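What follows is one structure encoded as structure tokens, with my remarks underneath.
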């Protein structure tokens, strides 16, 4: 019978830690492309620099003439209420992001609604035209 005291192990077993880390990495690699919900808007091109959208309300006019304020789709009749809420929440202005296939009248309708709601700082978002430099 051996009655010698046992030594404590000073090594850390990292095999299970590496396994859990790799499983989490695989989960994030699979789910991250699914979480990127892009909004397909073909913006017109201009040579002017990009506008800073921070602190502004972004109204998107899609090709099928539907409106989006932020991430939610709204009818044109509900736009004045959304703009009033933006004023109350302290937004500086409105930026209109419209597909280049949208009729000019639809963009002017959004612009006119913004002006009637008391917002005078209105801008148009475009893509930078690399050829126009």
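Exactly one of these conditions fails for residue 65: (1) surrounded by 12 or more Cβ atoms within 10 Å (Cβ to Cβ); (2) out of contact with any helix residue (DSSP H, G or I) (no Cβ under 6 Å at 6 or more places or on another chain); (3) in contact (Cβ under 8 Å) with a residue 12 or more places away in the chain. Give me its number. The failed condition is (2). Of all the listed residues (58, 102), the sole one being outside any helix (DSSP H, G or I), in contact (Cβ under 8 Å) with a residue 60 or more places away in the chain and touching a strand residue (DSSP E or B) at 6+ places or on another chain (Cβ under 6 Å) is 58.
Residue-by-condition table, conditions (1) surrounded by fewer than 13 Cβ atoms within 10 Å (Cβ to Cβ); (2) under 19 Å from the mean Cα position of the chain (by Cα); (3) modelled with pLDDT under 80:
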residue	(1), (2), (3)
30	yes, no, no
36	yes, yes, yes
40	yes, yes, yes
75	yes, no, no
92	no, yes, yes
98	no, yes, no
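The values are calculated or read from the model by the stated rules, or taken from the named source; none is laboratory data. Note that the structure is a prediction, hence the values are computed from the model and not measured. No Cβ is skipped: glycine too gets one built from the backbone with ideal geometry, and neighbour counts run over all protein chains shown.
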